[in-house]
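One structure is given below, encoded as structure tokens.
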Amino acid sequence: MSGASVLFDAPGPRARVRNHVISAVAVVVVALAAWVIYTQLEAKGQLTAAKWEPFLTSNLWTTYVLPGIEGTFTAAAVSIVLALVLGLLLGVGRLSTHAGIRWVSTVIIEFFRAVPVLIMMIFAYFLYATYDVFPSKYLALAGVITGLTLYNGAVIAEIVRAGVHALPKGQGEAASALGLTSGQTMRSILLPQAITSMLPVLISQLVVALKDTAIGYQITFVEMVRQGTVVGSSYGNYIPALMVIAVLMISVNFALSWCATWLERRMRRSRRGASPMEPGAVEQEGAPGAKVV
């Protein structure tokens with residue numbers, strides 16, 4: 001069997017030369033841009049050893065960076081768990097055979113997908129502050145968790161719906177032929193297979209939740225990006241501080257992305273279960289979709 005792609009023809013000799021030239025030009029342009037940025041930062045004294053020395057002291061990490069990491073991971077972990085539960089309930093509700101449950105679930109999903117995450121965080125923060133729902137030191141954390149839970153829960157609900165619709169229709173028809181109710185069919189047959197296929201795209205959504213914790217600085221939430229700016233203000237080294245925070249965030253996100261890729265490859269090698277959904281399977285308008293293998 002030929003290994004050539006069916007989407008485009010293999011490039012010929014002239015096309016390969018042209019591609020190599022374009023690649024070389026792109027590398028040169030990127031290198032020049034990096035050199036210009038480096039020289040400008042060096043001229044401003046932003047890359048001197050004195051700017052990086054504070055990161056070699058334990059005081060900076062224990063006072064600024066580690067509390068930011070703790071805040072980011074706490075908000076992300078709690079909101080992810082709550083969003084998974086909320087998304088599963090709303091997704092199953094939108095697939096319900098009862099019109100009332102389906103309509104209410106649809107309204108909730110579409111509403112929280114449409115409202116910006118920052119608006120939900122700010123609203124929850126001031127709502128909790130007005131009615132003293134949480135102690136003052138937890139208000140920002142509660143606001144961030146609420147906003148992330150509602151938004152990501154609505155997105156996960158669409159992922160659940162797309163995953164169930166991606167299954168062969170014969171699965172549900174066979175269950176009906178056996179006399180199972182719609183609830184039994186959903187719990188015992190459809191959801192177990194759909195969740196298996198949804199794992200890669202769910203993990204991709206976790207990356208989104210982790211990154212969105214940075215929005216919480218608007219309501220004074222202590223997280224990594226906010227602490228990076230505080231370090232820059234305190235030590236006068238904004239560029240090095242933001243570089244360190246960027247490396248930390250990129251490392252965590254790469255770890256989660258690698259996990260999603262590993263899961264997808266493992267599932268593609270397995271003959272059991274449905275094919276994993278692509279990260280872009282859920283359309284903006286809410287239409288279900290999945291990659292067909």
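The values are calculated or read from the model by the stated rules, or taken from the named source; none is laboratory data. On a predicted model such as this, the values are computed, not experimentally measured, just so you know. With ligands, DNA and RNA removed, areas are computed over all heavy atoms of the protein, side chains included. Shrake-Rupley method; radii C 1.70, N 1.55, O 1.52, S 1.80 Å.
Values for this structure:
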read-out: Dimensions in Å of the range 31-72 - Rg and Dmax from alpha carbons; value: 14.5, 38
read-out: From the coordinates shown, Rg and Dmax of the Cα atoms in Å corresponds to which of (i) 18.1, 49; (ii) 24.1, 76; (iii) 18.5, 61; value: (ii)
read-out: Geometric extent, Cα atoms of the range 133-216 - Rg, Dmax (angstrom); value: 17.6, 56
read-out: Residue-normalised accessible area of the chain, expressed per residue, 1.4 Å probe, Å²; value: 59 Å²
read-out: Highest-fluctuation residue, Asn19, Asn59, Asn253 considered, GNM on the chain with Cα pairs under 10 Å; value: Asn19
read-out: Percent accessible area from carbon and sulfur atoms, the range 180-274, protein chains only, probe 1.4 Å; value: 62 percent
read-out: Intensity falloff of the range 56-97 expressed as log10 I(q)/I(0), Debye formula with alpha-carbon point scatterers, at q = 0.19, 0.27, 0.34 Å⁻¹; value: -0.64, -0.84, -0.99
read-out: Rg and Dmax [Cα atoms of the range 1-101; Å; Rg one decimal, Dmax integer]; value: 26.7, 67
read-out: Carbon/sulfur fraction of accessible area - the range 32-109, other protein chains in place, 1.4 Å, %; value: 73 percent
